[in-house]
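**Q** This is the structure I want to talk about, given as structure tokens.
The values are calculated or read from the model by the stated rules, or taken from the named source; none is laboratory data. Worth saying up front: this structure is predicted, and the values here are computed from it rather than measured. Note that we place each Cβ from the backbone using ideal geometry, even for glycine, and neighbour counts take in every protein chain shown.
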Amino acid sequence: MKHPYIIFIFLVLFSSCQTSNKSGVPRIGFVDAFEDATISQARKGFTDALKKNGFSEEQKNIDINYRNAQGDIPTLTQIVNYFISEKVDLLATCTTLSTVTAIQKTRDIPIFMMVAPTPALMKVEDASGKAPANLFGVDEDLNYIDTSFAIIPQLVKPKGKQLVVGMIYNQSEPQSVDALNRIKLLAAKYHVMIEALPVNASADSRMVTQSLLSKPVDAFFANPDNTVFASFETILKSCEQKNVPIFTSEAGLVQRGAVAAFGADIYQWGYQAGKQAAQYLKTKSTKGLSPEMVKVRKRVYNPVAAAKYHIAIPANFTAVK
């Protein structure tokens with residue numbers, strides 16, 4: 001005969017796993033892949049858009065459950081599985097890893113992505129080239145790299161030698177590899193030499209960056225993949241020690257120390273995705289919704305970093321605070 005206490009514990013655990021939403025308040029499962037000051041702006045933009053459209057926890061007409069995997073893939077999978085078991089009304093996914101994990105786990109719950117590449121670049125389209133039917137939100141293609149990379153030969157002009165740009169890339173992230181290939185084509189167009197080294201995890205960024213900077217690198221391009229976001233301060237410190245300016249395609253990394261960028265505003269990226277989610281919550285329908293390109297891009301520069309490297313910034317760039 002089972003001990004009554006064991007039976008009681010089992011019943012408590014079983015009942016805690018049962019999902020019900022008696023309140024009728026829409027529930028959102030927000031999945032962040034890792035902790036990052038820049039990426040967190042997307043979450044704020046997302047919730048601000050919901051609030052602007054009448055959905056906020058202050059008004060108690062929405063329940064947003066936030067989870068951060070802290071860069072751990074098994075934890076990320078557990079978070080997504082938990083939200084699916086809770087039968088949330090929608091999933092909000094921030095960065096590529098969160099979005100891909102959600103797509104792999106559910107085709108029923110609407111997914112509103114942000115800070116992620118197109119379905120094609122994530123390689124989640126089917127054989128006919130269609131994105132998952134439950135995937136919505138805001139994505140980005142590789143076109144932004146063209147303008148972002150073009151900044152470097154305009155502003156960094158070493159005397160008597162070919163410009164050399166260094167970068168690290170995550171060889172396990174398809175969009176990071178695609179970005180590197182795109183940059184190599186651009187480098188040939190601008191007669192720039194690329195020095196690139198692979199990195200598998202943010203913990204390895206310091207060693208790999210220092211190895212890269214042991215070569216005669218004139219500038220560093222911070223490709224905004226998950227690894228660079230998570231280890232940017234480490235990269236920045238190494239570049240500053242070698243007197244190598246950093247350029248990027250993301251405004252938040254300029255706030256954190258890069259010289260200049262032309263790229264998406266992460267807050268606005270999240271806000272745009274939040275507007276889509278709000279439309280779904282209002283109509284209870286995904287009709288008319290589909291993945292859309294990020295709309296707000298900015299030319300920004302960091303005055304302190306620009307002064308440090310004596311770089312003259314064009315007038316059409318805005319200084320970040």
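**Q** At least 1 residues that are touching a residue at least 60 places away in the same chain (Cβ under 8 Å) in each: list the strands (runs of 3 or more DSSP E) lying fully within segment 16-100 that qualify. Can you show your working first?
**A** Details: elements: 27-32, 63-68, 90-94.
So the answer is 27-32, 90-94.
**Q** Give the residue, chosen from PHE232, PHE247, that is assigned by TED's automatic domain parsing to the domain that holds GLY166, closer than 25 Å to GLN70 by Cβ and of a type in the set (Phe, Trp, Tyr).
**A** Working: PHE247 fails: closer than 25 Å to GLN70 by Cβ.
Of PHE232, PHE247, the one residue that is assigned by TED's automatic domain parsing to the domain that holds GLY166, closer than 25 Å to GLN70 by Cβ and of a type in the set (Phe, Trp, Tyr) is PHE232.
**Q** Next question. Being touching a helix residue (DSSP H, G or I) at 6+ places or on another chain (Cβ under 7 Å) and among the small types (Gly, Ala, Ser) is the filter; apply it to segment 151-185 and report the residue that is surrounded by the fewest Cβ atoms within 10 Å (Cβ to Cβ).
**A** This residue is GLY166.
**Q** In segment 221-256, how many are of a type in the set (Phe, Trp, Tyr) and modelled with pLDDT of 95 or more? Step through it out loud before you land on a result.
**A** In the first step, residues of segment 221-256 are kept if they are of a type in the set (Phe, Trp, Tyr); the result is 221, 229, 232, 247.
With the extra rule that they be modelled with pLDDT of 95 or more, the set shrinks to 221, 247.
The total comes to 2.
**Q** Exactly one of (1) outside the structural domain of PHE112 (by TED's automatic domain parsing); (2) in a loop (DSSP other than H, G, I, E, B); (3) touching a helix residue (DSSP H, G or I) at 6+ places or on another chain (Cβ under 7 Å) is unmet by VAL124. Its number?
**A** (1)
**Q** Being within 14 Å of the chain's Cα centre (by Cα) and either modelled with pLDDT of 95 or more or among the β-branched types (Val, Ile, Thr) (or both) is the filter here, so list the residues in segment 102-118 that pass it. Talk me through it step by step, then tell me what you get.
**A** Let us first name the residues in segment 102-118 that are within 14 Å of the chain's Cα centre (by Cα), namely 112-118.
Those that are within 14 Å of the chain's Cα centre (by Cα) and either modelled with pLDDT of 95 or more or among the β-branched types (Val, Ile, Thr) (or both): PHE112, MET113, MET114, VAL115, THR118.
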